[in-house]
Amino acid sequence: MAQTATQLGFVGLGHMGGNMAARYLAAGFPVSGEARTREHAQHLIDEGMSWRETPREVAEAVEVVLTSIPDDAALEDVAAGADGILAGLEAGKIWVDLSTVSPRASRRVAERVRERGAVMLDAPVSGSVPQVQSGTLTIMVGGDEEAYRRVEPILRELGTPARVGENGQGLGLKLAINVSRAVQILSFSQGLLLAERDGIDPQLAVEVMTDAPIGSAMLKARAPLVLDLPDEAWFDVSLMHKDIRLALEAGDELDVPLPTARAAEAVLTKAGELGLEHRDIAALFQVLARTTAQGRSSEERTKQ
């Protein structure tokens, strides 16, 4: 591997970030990392990761910092302050943010990075933990072209990167993708529920529907989870809900109507009300099933 000498640092070692760091370690990259607690990262330390106490220490120790965090507030938290990433950056270093946050927040941080002589790229990913583990993520990158060329071989360890424009535009494209992702899951779920309520075996319906022209690669991978939710979410409801809200905000700013995204947002809100916010987004089928079951029960009580 041509880039194994590049020192990498990870801030954010959750489901996605932790698996990314593990993949880089397995490929021979020197990796430093920081998490909320050392215990949370112990399995990566055991695999060879160098532990750092703060995001600043990570940035000071490496050439390329990678972050995978949940939202705008977390981005600001790891960036700012005496122990933040910004304090550890210097000229020539690159910060690659693999998170899905708002384009507006990312651009603000990128400007502060430039003030320190470093470069920030937004590089949100499309895919879940299985795609991280197999190195098949799709990575949309926004930012400086020269910095992108430097990190492109590194990102290829995770999947297929493409520079799509300037700072924030990688995130804009990621939000566009996740609108489609949420809507596809919702549409598939409502179709499956319709078939099941008509007496068709749901497992058979899943097989036929995913073999039909609607069976995208994403649906083929996730459809089995609809009827058998995993204990550990690949991509949970709360994160998708956050992304859809960001997309709706962007739509309002750019004067783009997003009617199907608004429909998905309503069902994701209901999922949270039902306590499913930390289950995989395949739980949207359960939301529809439980909601309609409640409605039918109410109708039956009214008739009585």
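Of the residues H241, H40, ranked by 1.4 Å probe accessible area with the largest first, the sequence reads H40, H241.
Charge dipole (Cα centre; +1 on Lys/Arg Cβ, -1 on Asp/Glu Cβ; no other charges) of segment 196-277 amounts to roughly 120 debye.
For a paramagnetic label modelled at 7 Å from the Cα of R112 toward its Cβ, which residues of segment 74-93 fall within the zone defined by backbone nitrogen distances under 15 Å? Of the residues in segment 74-93, 74-90 have backbone N under 15 Å from the label point off R112. Remark: the E145-E47 segment gains 32.0 nm on full extension, using 0.36 nm per residue and subtracting the alpha carbon distance. Rounded to the nearest 10 square angstrom, R279 shows an accessible area of 80 square angstrom against a 1.4 Å probe.
Once both labels are positioned 7 Å from their Cα atoms along Cα-to-Cβ, the gap between A26 and A74 label points is 2.2 nm. Placing dummy labels 7 Å off each Cα toward the beta-carbon, the span from L194 to T160 is 3.1 nm. Here segment 172-290 was treated as a single set of alpha-carbon atoms; its pair distances binned every 10 Å from 0 give 14, 46, 33, 7, 0 percent. Principal semi-axes of the equivalent ellipsoid, √(5λ) from the alpha carbon gyration tensor of the chain, are 38, 20, 18 Å from largest down.
The order of E111, E273 by accessible area, most exposed first and with a 1.4 Å probe, is E273, E111. For segment 191-230, the square roots a ≥ b ≥ c of the C-alpha gyration tensor eigenvalues yield an a/c of 1.5 or more together with a/b not exceeding b/c, which makes the shape oblate.
Shape of segment 59-163 from the C-alpha gyration tensor: prolate (a/c of 1.5 or more and a/b above b/c, with a ≥ b ≥ c the square roots of its eigenvalues). Mind running the shape call on segment 5-116? Use the C-alpha gyration tensor, a ≥ b ≥ c as the square roots of the eigenvalues: rounded below 1.5 for a/c, prolate if a/b tops b/c, oblate otherwise. It is prolate, given that a/c is not under 1.5 and a/b is the larger ratio. Entry for segment 141-220 at q = 0.11, 0.14, 0.17, 0.23 Å⁻¹: log10 I(q)/I(0) = -0.48, -0.64, -0.75, -1.01, Debye formula applied to identical alpha-carbon scatterers, no solvent contribution. For the chain, the longest principal axis of the C-alpha atoms and the axis of helix 103-115 are separated by about 0°.
Basic side chains Lys and Arg get +1 at the Cβ, acidic Asp and Glu get -1 at the Cβ, and with that the dipole of the chain about its Cα centre reaches some 380 debye.
The values are calculated or read from the model by the stated rules, or taken from the named source; none is laboratory data. Owing to the predicted nature of the structure, the values given are computational and were not obtained by experimental measurement. Virtual Cβ from ideal backbone geometry, glycine too; neighbours counted across all protein chains shown. To get the accessible areas, we keep the full protein, side chains included, count just its heavy atoms, and leave off ligands, DNA and RNA. Shrake-Rupley method; radii C 1.70, N 1.55, O 1.52, S 1.80 Å.
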